[in-house]
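Okay, structure first, notes after.
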Amino acid sequence: MGQAVEAVAAEEGHAVVARFDSSNPLLDARGPEALAGAEVVVDFSLPAVVLDHLHRYCFWGVDAVVGTTGWYDDLERVRGWVEEGQNGLLYAPNFSLGVAILVRALRGALPLLDKLPAYDAWVHETHHTGKVDSPSGTARLLGDELVRGLARKERLETETVHGHIAPEALHVTSTRAGAVFGEHTVGFDSAVDQLRFTHVAKDRRSFAYGAVKAAEWVRGRSGLFTLDDLLDGSGDRVIGSSDH
C-alpha cells in the first residue's frame with residue numbers, strides 16, 4: 001500500500017518526504033523532525049503499532065490519514081489525543097471511494113428494506129490469502145450499517161457456525177483465496193428474488209487514490225473525520241464534534 005500511495009501521490013503532484021516501514025519504524029523516530037516537514041501522514045501499518053503512531057501524530061500536531069484497523073475500541077481515547085493536538089485525523093477501514101458510495105447506497109435502501117422482513121440480509125467478503133484479519137474491517141463496517149438499519153438484526157455473527165443461525169444475527173462470512181484485492185457483497189434474499197450490492201477492487205490503486213484524496217482534504221483541518229465527511233465536503237469542525 002505504501003508503494004501504491006507514493007505512486008498516486010506523485011501523479012497528483014505531491015512529494016513524499018519521509019518513509020517508514022519495518023526496516024525503518026516510526027517508533028524509532030526521536031521527534032517530528034523525522035517527518036521532514038510533511039503536511040500529512042498516510043498510515044497503513046499494523047494494529048500492533050497503530051495506536052502508538054496515532055499518539056505521535058497528535059502529539060506532534062501533524063494531520064494524518066489512517067487505513068489501519070484494529071484500534072476502533074480506543075476511538076474515544078484517540079479523540080482526546082486529537083483534541084489536545086489540534087490536528088486532523090481521517091480514518092477508514094477501506095479507502096476505496098467506491099466502498100464509501102456503496103455505504104451511502106445501503107443507507108438509502110435500508111429504510112425500505114426494514115419494512116420488508118421477507119428479505120434476509122447477509123454480508124460476504126473475499127480477500128487474498130495474506131490478509132491478516134477475517135472478516136475484513138470493511139465487512140464489519142457494512143454489517144454494522146445493516147444492524148443499525150434493520151430492526152430485525154441485532155448483532156453480527158462472524159464466527160464459523162456449524163448449526164442453526166439465530167434470525168436476529170447478521171451472518172458475515174469470509175473467503176481467503178489467491179490474490180484477490182477485495183470483494184464485498186451485501187445481499188438481501190427472499191423466496192422470490194435477491195438483491196446484491198457488490199464492490200470489487202481491481203487494484204490497490206483504488207485504495208491509494210482514496211487515501212491521497214483524503215490527505216488533500218484533511219490537511220489543515222481540526223478534528224476526527226471519516227470518508228463521510230470527505231464525501232459531504234464538510235468544512236472545519238469544532239474538535240471532537242464528529243459523531244462518526
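Among the residues making up the stretch 6-38, a single one is within 20 Å of A92 (Cβ to Cβ), of a type in the set (D, E) and touching a helix residue (DSSP H, G or I) at 6+ places or on another chain (Cβ under 8 Å): E12. Taken over the stretch 86-117, residues that are at pLDDT below 95, among the small types (G, A, S) and crowded, with 18+ Cβ neighbours inside 10 Å amount to 3. Apart from one condition, V65 fits all of (1) at pLDDT below 95; (2) under 21 Å from A100 (Cα atoms); the exception is (1).
Could you say which residue among K202, K153, K131 is surrounded by 15 or more Cβ atoms within 10 Å (Cβ to Cβ), of a type outside the set (D, E), over 24 Å from G233 (Cα atoms) and modelled with pLDDT under 95? Full working, then the answer.
On the way: K202 fails: surrounded by 15 or more Cβ atoms within 10 Å (Cβ to Cβ); K153 fails: modelled with pLDDT under 95.
Checking each option against the conditions leaves just K131.
When the criteria are applied in full, T173 fails the requirement of being polar (S, T, N, Q) and either in contact with a helix residue (DSSP H, G or I) (Cβ under 6 Å, 6 or more places away or on another chain) or exposed (fewer than 13 other Cβ atoms within 10 Å of the Cβ) (or both).
Kindly provide the set of residues from the stretch 91-115 that are assigned to a loop (DSSP other than H, G, I, E, B) and in contact (Cβ under 8 Å) with a residue 60 or more places away in the chain, ordered by number. Step through it out loud before you land on a result.
Restricting attention to the stretch 91-115, the residues satisfying the condition of being assigned to a loop (DSSP other than H, G, I, E, B) are 92-96, 114-115.
Residues satisfying the conditions are A92, N94, F95, S96.
Once the stretch 170-182 is narrowed to residues that are modelled with pLDDT of 95 or more and not aliphatic (A, V, I, L, M), the residue that is farthest from L112 (Cα to Cα) is G178.
Taking first residues from the stretch 215-228 that are over 15 Å from G67 (Cα atoms) and assigned by TED's automatic domain parsing to the domain that holds G61 and partners that are in a loop (DSSP other than H, G, I, E, B) and at pLDDT 95 or above, the Cβ contacts under 7 Å between residues at least 6 apart in sequence or on separate chains come to R219/E39; S222/Q86; S222/N87.
Here G178 clears all of (1) on the phi > 0 side of the Ramachandran plot; (2) crowded, with 19+ Cβ neighbours inside 10 Å except the condition numbered (2). If you check V132 against the conditions, is it within 18 Å of the chain's Cα centre (by Cα) and farther than 24 Å from L230 by Cβ? Yes; evaluated as a whole, the condition is true for this residue.
Every residue, every condition in (1) touching a residue at least 12 places away in the same chain (Cβ under 8 Å); (2) of a type in the set (A, V, I, L, M); (3) not assigned by TED's automatic domain parsing to the domain that holds Q86, yes or no:
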{"site": "E11", "(1), (2), (3)": "no, no, no"}
{"site": "S22", "(1), (2), (3)": "no, no, no"}
{"site": "P25", "(1), (2), (3)": "yes, no, no"}
{"site": "D28", "(1), (2), (3)": "no, no, no"}
{"site": "E33", "(1), (2), (3)": "no, no, no"}
{"site": "A36", "(1), (2), (3)": "yes, yes, no"}
{"site": "V40", "(1), (2), (3)": "yes, yes, no"}
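Checked across the stretch 68-90, the condition of being part of a loop (DSSP other than H, G, I, E, B) and among the aliphatic types (A, V, I, L, M) holds for no residue.
Going by what's in this entry, would T185 be described as in contact with a Lys or Arg (Cβ under 7 Å, 6 or more places away or on another chain), modelled with pLDDT of 90 or more and crowded, with 16+ Cβ neighbours inside 10 Å?
Details: in contact with a Lys or Arg (Cβ under 7 Å, 6 or more places away or on another chain): yes; modelled with pLDDT of 90 or more: yes; crowded, with 16+ Cβ neighbours inside 10 Å: yes.
Against the criterion (in contact with a Lys or Arg (Cβ under 7 Å, 6 or more places away or on another chain), modelled with pLDDT of 90 or more and crowded, with 16+ Cβ neighbours inside 10 Å), T185 qualifies.
Restricting attention to the stretch 162-169, does a residue exist that is surrounded by 14 or more Cβ atoms within 10 Å (Cβ to Cβ) and modelled with pLDDT of 95 or more? Please lay out each step first, then the result.
Taking the stretch 162-169 and keeping what is surrounded by 14 or more Cβ atoms within 10 Å (Cβ to Cβ), we get 169.
Now restrict to residues that are modelled with pLDDT of 95 or more: 169.
There is at least one residue in the stretch 162-169 that is surrounded by 14 or more Cβ atoms within 10 Å (Cβ to Cβ) and modelled with pLDDT of 95 or more.
If the condition is being among the aliphatic types (A, V, I, L, M), more than 15 Å from the chain's Cα centre (by Cα) and in a loop (DSSP other than H, G, I, E, B), then the stretch 181-206 contributes A191, V192. Is it the case, given these coordinates, that D74 is surrounded by fewer than 16 Cβ atoms within 10 Å (Cβ to Cβ), in contact (Cβ under 8 Å) with a residue 24 or more places away in the chain, under 30 Å from A139 (Cβ atoms) and in contact with a Leu (Cβ under 7 Å, 6 or more places away or on another chain)? It is false that D74 is surrounded by fewer than 16 Cβ atoms within 10 Å (Cβ to Cβ), in contact (Cβ under 8 Å) with a residue 24 or more places away in the chain, under 30 Å from A139 (Cβ atoms) and in contact with a Leu (Cβ under 7 Å, 6 or more places away or on another chain).
The values are calculated or read from the model by the stated rules, or taken from the named source; none is laboratory data. In this text, all values refer to a predicted model and were calculated from it rather than measured experimentally. Quick reminder, even Gly has a Cβ in these numbers, built from the backbone with ideal geometry, and neighbours come from all protein chains shown.
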